[in-house]
There are 4 protein chains.
Amino acid sequence: MNTFGHIFRLTSFGESHGAAMGGVIDGVPANVPVDADALQQFVNRRHPEPHTGGTARREYDVVEVLSGIYEGRTLGTPIGFIVRNHDVRSGDYDHLRDAYRPSHADYTYQMKYGIRDHRGGGRASARETVTRMVAGALATQMLQHLGVHVQAFVECVGKAGCRLNPEELDIPGNAESSHFNPTQAGAKAIRQEIAKAQKLGDTLGGTILCVARGVPAGWGEPVAAKLHADLGAAMLSINAVKAFEIGQGHQFSSLYGSEVQDLMKPDANGRICFAANHSGGVQGGISNGNDICFRLVVKPVPTLMRETPVVNSSGEAVAITPQGRHDVTAVVRAVPIVEAMTAMVLLDHYLMSKTNHL
Amino acid sequence: MNTFGHIFRLTSFGESHGAAMGGVIDGVPANVPVDADALQQFVNRRHPEPHTGGTARREYDVVEVLSGIYEGRTLGTPIGFIVRNHDVRSGDYDHLRDAYRPSHADYTYQMKYGIRDHRGGGRASARETVTRMVAGALATQMLQHLGVHVQAFVECVGKAGCRLNPEELDIPGNAESSHFNPTQAGAKAIRQEIAKAQKLGDTLGGTILCVARGVPAGWGEPVAAKLHADLGAAMLSINAVKAFEIGQGHQFSSLYGSEVQDLMKPDANGRICFAANHSGGVQGGISNGNDICFRLVVKPVPTLMRETPVVNSSGEAVAITPQGRHDVTAVVRAVPIVEAMTAMVLLDHYLMSKTNHL
Amino acid sequence: MNTFGHIFRLTSFGESHGAAMGGVIDGVPANVPVDADALQQFVNRRHPEPHTGGTARREYDVVEVLSGIYEGRTLGTPIGFIVRNHDVRSGDYDHLRDAYRPSHADYTYQMKYGIRDHRGGGRASARETVTRMVAGALATQMLQHLGVHVQAFVECVGKAGCRLNPEELDIPGNAESSHFNPTQAGAKAIRQEIAKAQKLGDTLGGTILCVARGVPAGWGEPVAAKLHADLGAAMLSINAVKAFEIGQGHQFSSLYGSEVQDLMKPDANGRICFAANHSGGVQGGISNGNDICFRLVVKPVPTLMRETPVVNSSGEAVAITPQGRHDVTAVVRAVPIVEAMTAMVLLDHYLMSKTNHL
Amino acid sequence: MNTFGHIFRLTSFGESHGAAMGGVIDGVPANVPVDADALQQFVNRRHPEPHTGGTARREYDVVEVLSGIYEGRTLGTPIGFIVRNHDVRSGDYDHLRDAYRPSHADYTYQMKYGIRDHRGGGRASARETVTRMVAGALATQMLQHLGVHVQAFVECVGKAGCRLNPEELDIPGNAESSHFNPTQAGAKAIRQEIAKAQKLGDTLGGTILCVARGVPAGWGEPVAAKLHADLGAAMLSINAVKAFEIGQGHQFSSLYGSEVQDLMKPDANGRICFAANHSGGVQGGISNGNDICFRLVVKPVPTLMRETPVVNSSGEAVAITPQGRHDVTAVVRAVPIVEAMTAMVLLDHYLMSKTNHL
């Protein structure tokens, strides 16, 4: 299964060290202007910034759109695209042809398929997410026409940072913003935490907060494909994401019901508004008009820059020493991917909601 | 959207106070014996036990199987079933016809559809999960033929209980087991916590741990429909579930990579085994042969047994006092539903995996 | 696979001699009034009329709607329904437990599933189509709100009848109309042909013309799920239907291009109109605003009222003499089912078309 | 909707005069050797042969496989591919920017999407079928491992040719075979018919017979996605195909039931065999082990090489004279596409059938 979405659908392909990544975006609303430069810039955001834990590998993710856009507008037909894999030093991975790295997908792919492309993780590489950036860029542009803005933030990395308050966040923020931790203290502490881990040759996980502002009440589905379930599945599909929570999330576990009711009241103009947003903008799987707020946890990068005991496909214990390029943490790089997936899910649910009425 | 699954699919229907709940299970493997008594008993487990925070409402959820099983074996054709809604005192809900209860789906359904059945929550009621119990019962029986056993446990309720160690759990346990908290201290503390909240007229959330033992390596999908993403979506689709984590989950956020590697090694017989299971049995979206372990958070029941300020559909502030029957906590009742959904997802992925090879 | 449709979906269940037929209709537009009497009357049309080749078996297909409709309007939630199987003389089928009837699905079900319900054809019985009548009745009512009317006609049975001209047909016709052959000569000849076959103990096939009037330009899909491909698949899914053609159909094979161009021209009011409708209202998989016209061929009922050589499951040659009740022709009974399936496909494509634009 | 298939799925993209055609093939069985040369040769068969009614336009449909195949074997991951559009003289189509050609999809695309790429028919061009050739080539290779061979033949063009008898056909035939009409008389008559129409500046339709040999009993689905319904939808999705019939097809209309029974009997070895194959190898939507035989009708190419009255988007009557390159008939070019789509449907149903049993 390599297709995301119900109406607005991305079907992607590509192994990390194959010829190209790419995909087909189907269910695209027609006759909508597309800003090709903004699309490419959105994709560029996936590049790691040197000071935030990313690797030195430079990727020129040049998006070639092959169909579905004509004279600057969507045709309604599928948008096919590719992103060539350039900076490929497959030789770096020869020592992995026959080794199953711990906490990677080497072993599980081999067990599932009986074959795998070991170079750079093959299909399991985070490079796969470049295709989501392309579809997410498109969805983001479309949501802007609907007044919906999605923004994600690095909340914590390792033991640095702390829980952010969505209400205090500036969304949509400055376009130049790195969507990094928005507090000065948090950002500094996180950079220090990353630098420390790098010295240790170790790696770090963290948490990301994502907020969608401007979603009206009524997007979502009642039983299967609940809005937060679709968001959860989208987040959990991102490499290294291991937990998802909506609204107050795991804090709901230890609070009383009386502490987390989202009471409603009429505002000065007689419109319904909410006294709180513990629910994170979704009730019963359907948006209620508040900010949609959720968090996710990214595990530490499993490859450490040290000798590591592994088993090979003959079942023998051997040791490998990682080569190539590896991030200290995937948290920073995950931020734009979180935004992309969120935009895709929201646009998809918007389109579904159009079929609710005759 | 009211369909779960890719191959093994449940499409359900039913409002809480309508004529019946029911569904169609399609993609059922043929010629498999079905134990009808065990199926009904599995569904009965959804009934609340009086000492664990459930309500006094007795539900006789009699499953009427209408098709797809003949002379005790599955035909491979869809299994249609209904469960009549009997103990319905719709009059209890008249005061809600025009009121949007806080942290319920009343308002969002109205916004989405422009109409709703206000009685007992309508389609948004947890009564909907009875249909999942039926499909889950069937999936559970089929998984048993494959040597796979799913069991969920109440880990915490409110501030009582603590994180369980999956390795120490007896699975499949005693059939008489309530799948409640398996530690004596935890169970006692949780019962006390529930009793305390009940006196306060308040409600509680909590955490559930679910373990699937016996899943071989190789079930799951690489990008969309990753095994843990499908499990996450299934859990988040259960009423009141607000968070999901696989393996070490949100603890990954603050640990070093060196602390959470699942190293592999050959065992005495030369077979590959794992020194740890931080990952919760899934790598890259595909099972690795370890226990599949995940947790979820249930929010407190939003209806408190006290006067509550609400708005009505005219946007006026009014107050309601809940009538009818309401649980102190949904955690206990959610356990068998968690097991049911887990079994459905696992069987579905098993069937998908059969198409991986010519 | 027992689900029809993309957005408006019917998932059905039921064996001919099981407890009930039924289904779930999902993707139903909300807040639309439903005329329950008209729905039941639509379903009643599936009953054979004595003079048109149907059997003497009376079926009281009482539709029990179990969900999704509240106070006479659709809720947007799935509509579950059942139709009990009453007049079941399963004993009539004991002689078929171990016999594969020619040109029936007995053998293929056994080969696919390794098990089958032999009573009355089980899932392969045309009784399954009662569930399509329910969904089709609902779709028909919704299409009427959109100004779309679907009507099918018996064109030929055996060698009687002849090709009808859609332009001359009165649509929507008299509600009392049997949707039989609308020409006096054709109707008379067809009744004689059926009477003749009945005397011979033989059976007949025939052709049905279906016309949908009022479909605007723009419904359909460009590559997969073309409007006429979805209509074709829907028709071919009806028991005994063996051919489908849109517009001029198989006559296109032997005509010159110059004979079948649908030239367009401005009408007196400057609107585009068509000089001909050889295409049957669909171009490139998308409706063009003309009548949608297609035909289908129903094969003769395979069970003859005479001794028939068959093989049993041990591979031995035996003979059976049909008992129970069998139609001379399925053509007449298929007409309302054709209308039901057509309405379902059209409503589905209407709903899909709503997602074409932001 | 641009996705074919349930398990083995092709999602395609591309406009005729855009940068490239392409697609993603998902659900590919893993670890199967792929002959890349044979794949390219299969795709090459789509090129028109000069003597059979094709145009002079040469297309070098070079398939670039970008993923999913590694060291000559399928990885089980999706196969992404593109085919560049080279020989593009878009200027040839400038006169069509604002004109709706009769019996083309120009008008319907404009009505559906509010925008279209007028160059060469855009997405509605038969050039789209090159992507089906790629997926079909792969499916064909996989079916060969299963002993299944698909072959289609030109039966009639205009008034030349006649109904072929599937039993007399040599399948799999000579690899050099053009899959043209296999009878000497038929082939000669058809070439003459084409030459005659070409002189007249007119165009022709025709019929194609397709046979799949070696399909075992048990492939197919019982209600939706019946094998012949899926084949029908696949054929009707091919440009210019307007009718589909399985087995005896429209002849069923005028024959008695006693004339078309497919009686079964034990053969010399006690195995069940069929005395006839009127049904075309499918009963109740499931294969019965006989040759699967179906026919389809291709309409005449709608563009004639003469001045043609059209309307433009302002609703004015204007005239166009076609330029560029146009076939006299699409029948010959459709043959390999018919084979490709058939192979895709059959492999898909084979994979689905693997999930019928635990």
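Is it fair to say A:ALA19 is out of contact with any Leu (no Cβ under 9 Å at 6 or more places or on another chain), modelled with pLDDT of 95 or more, among the aliphatic types (A, V, I, L, M) and open to solvent by 20 Å² or more (accessible area, probe 1.4 Å)?
Spelling it out, it is not the case that A:ALA19 is out of contact with any Leu (no Cβ under 9 Å at 6 or more places or on another chain), modelled with pLDDT of 95 or more, among the aliphatic types (A, V, I, L, M) and open to solvent by 20 Å² or more (accessible area, probe 1.4 Å).
Please tell me if A:SER279 is modelled with pLDDT under 95 and not basic (Lys, Arg).
Judged against the criteria, A:SER279 is not a match.
So, of the residues in segment B:323-346 that are small (Gly, Ala, Ser) and open to solvent by 10 Å² or more (accessible area, probe 1.4 Å), which turns out to be farthest from B:ARG132 (Cα to Cα)?
Per the stated criteria, the residue is B:GLY324.
In the set D:TYR60, D:TYR70, which member is over 19 Å from D:PRO322 (Cα atoms), among the hydroxyl-bearing types (Ser, Thr, Tyr), open to solvent by 20 Å² or more (accessible area, probe 1.4 Å) and modelled with pLDDT under 90?
D:TYR60
If D:GLY218 meets every condition in (1) crowded, with 24+ Cβ neighbours inside 10 Å; (2) at the interface with chain C (Cβ under 7 Å from one of its Cβ atoms) apart from one, which number is that one?
Among (1) crowded, with 24+ Cβ neighbours inside 10 Å; (2) at the interface with chain C (Cβ under 7 Å from one of its Cβ atoms), D:GLY218 violates only (1).
So, in segment D:1-16, how many residues would count as being out of contact with any Asp or Glu (no Cβ under 6 Å at 6 or more places or on another chain) and open to solvent by 10 Å² or more (accessible area, probe 1.4 Å)?
The qualifying residues number 2.
Counting just the residues of segment C:283-307 that are open to solvent by less than 10 Å² (accessible area, probe 1.4 Å) and more than 30 Å from C:PRO216 (Cα to Cα), which one comes out farthest from the chain's Cα centre (by Cα)?
The selected residue is C:LEU304.
Looking at segment D:58-79, I want the residues that are more than 7 Å from every other protein chain (Cβ to nearest Cβ) and more than 17 Å from A:LYS112 (Cβ to Cβ) and have a partner that is of a type in the set (Ser, Thr, Tyr) and open to solvent by less than 20 Å² (accessible area, probe 1.4 Å) with Cβ atoms under 9 Å, at least 6 apart or on another chain. Which pairs are those?
Note: no pairs meet the criteria.
So D:ARG119 fits all but one of (1) within 23 Å of D:ALA334 (Cα to Cα); (2) within 22 Å of the chain's Cα centre (by Cα); what number is the exception?
Result: D:ARG119 passes all but (2).
Please pick out the residue among B:TYR113, B:TYR109 that is open to solvent by less than 30 Å² (accessible area, probe 1.4 Å), among the aromatic types (Phe, Trp, Tyr) and out of contact with any Leu (no Cβ under 8 Å at 6 or more places or on another chain).
B:TYR109
State yes or no: is C:ASP262 open to solvent by less than 30 Å² (accessible area, probe 1.4 Å), more than 8 Å from chain D (Cβ to nearest Cβ) and among the acidic types (Asp, Glu)?
Here the answer is no, as C:ASP262 does not meet what is asked.
Pairs under 9 Å by beta carbon, first residue on the phi > 0 side of the Ramachandran plot in segment D:315-326, partner modelled with pLDDT of 80 or more and of a type in the set (S, T, N, Q), six or more apart or different chains?
Qualifying pairs under 9 Å: D:GLY324/D:THR303.
Output the residue which, of all residues in segment D:308-317 that are within 8 Å of chain C (Cβ to nearest Cβ) and assigned to a loop (DSSP other than H, G, I, E, B), is least open to solvent (accessible area, probe 1.4 Å).
D:GLY315
Tell me yes or no: at least one residue of segment D:191-200 is in contact with a Ser or Thr (Cβ under 7 Å, 6 or more places away or on another chain) and within 14 Å of another protein chain (Cβ to nearest Cβ).
yes
Determine whether segment A:294-303 contains at least one residue that is within 9 Å of chain B (Cβ to nearest Cβ) and more than 25 Å from A:CYS156 (Cβ to Cβ).
Within segment A:294-303, none of the residues are within 9 Å of chain B (Cβ to nearest Cβ) and more than 25 Å from A:CYS156 (Cβ to Cβ).
Checking C:GLY270 against (1) in contact (Cβ under 8 Å) with a residue 12 or more places away in the chain; (2) within 7 Å of another protein chain (Cβ to nearest Cβ), which test does it fail?
Failed condition: (1).
Can you go through B:ALA233, B:ALA212 and tell me which one is open to solvent by 20 Å² or more (accessible area, probe 1.4 Å) and at negative phi?
Sole residue among the options that is open to solvent by 20 Å² or more (accessible area, probe 1.4 Å) and at negative phi: B:ALA233.
Scan segment A:81-95 residue by residue and report those that are out of contact with any helix residue (DSSP H, G or I) (no Cβ under 7 Å at 6 or more places or on another chain) and either modelled with pLDDT under 80 or open to solvent by 50 Å² or more (accessible area, probe 1.4 Å) (or both).
Result: A:ARG84, A:HIS86, A:ASP87, A:VAL88, A:ARG89, A:GLY91, A:ASP92, A:ASP94, A:HIS95.
Do we have any residue at all in segment A:201-224 that's under 24 Å from the mean Cα position of the chain (by Cα), in a helix (DSSP H, G or I), modelled with pLDDT of 95 or more and of a type outside the set (S, T, N, Q)?
There is no residue in segment A:201-224 that is under 24 Å from the mean Cα position of the chain (by Cα), in a helix (DSSP H, G or I), modelled with pLDDT of 95 or more and of a type outside the set (S, T, N, Q).
Report yes if A:CYS156 is open to solvent by 30 Å² or more (accessible area, probe 1.4 Å), within 12 Å of chain B (Cβ to nearest Cβ) and touching a residue at least 24 places away in the same chain (Cβ under 8 Å), otherwise no.
Considered against the rule, which asks whether it is open to solvent by 30 Å² or more (accessible area, probe 1.4 Å), within 12 Å of chain B (Cβ to nearest Cβ) and touching a residue at least 24 places away in the same chain (Cβ under 8 Å), A:CYS156 comes out as no.
Which one of A:ALA152, A:ALA139 is part of a strand (DSSP E or B) and at pLDDT 95 or above?
A:ALA152 is the lone residue from the list that is part of a strand (DSSP E or B) and at pLDDT 95 or above.
Starting from segment D:278-298, take each residue that is in contact (Cβ under 8 Å) with a residue 12 or more places away in the chain and list its partners that are crowded, with 24+ Cβ neighbours inside 10 Å and basic (Lys, Arg), counting only C-beta distances under 7 angstrom and pairs at least six apart or across chains.
Matching pairs, first to second residue: D:GLY285/D:LYS226; D:ILE286/C:LYS112; D:VAL297/D:LYS242.
If B:HIS349 satisfies all but one of (1) within 14 Å of chain D (Cβ to nearest Cβ); (2) without any contact (Cβ under 8 Å) to a residue 12 or more places away in the chain, what's the number of the condition it fails?
All conditions pass for B:HIS349, except number (2).
Yes/no matrix, rows are residues, columns are (1) without any contact (Cβ under 8 Å) to a residue 24 or more places away in the chain; (2) not polar (S, T, N, Q):
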| residue | (1), (2) |
| --- | --- |
| C:MET1 | yes, yes |
| C:PHE4 | no, yes |
| C:ILE7 | no, yes |
| C:GLY14 | no, yes |
| C:VAL28 | no, yes |
| C:ASN31 | no, no |
| C:ALA36 | no, yes |
| C:VAL43 | no, yes |
| C:HIS47 | yes, yes |
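How about segment A:231-259: which of its residues are more than 7 Å from chain B (Cβ to nearest Cβ) and among the acidic types (Asp, Glu)?
Correct list: A:GLU259 only.
In segment D:28-49, which residues are within 10 Å of chain A (Cβ to nearest Cβ) and open to solvent by 20 Å² or more (accessible area, probe 1.4 Å)?
D:ASN31
The values are calculated or read from the model by the stated rules, or taken from the named source; none is laboratory data. As the structure is a prediction and not an experimental result, all values here were calculated from the model. All Cβ positions, even for glycine, are placed from backbone atoms using ideal geometry, and neighbour counts span all protein chains on display. Side chains included, ligands, DNA and RNA excluded: accessible areas come from the protein's heavy atoms. Shrake-Rupley method; radii C 1.70, N 1.55, O 1.52, S 1.80 Å.
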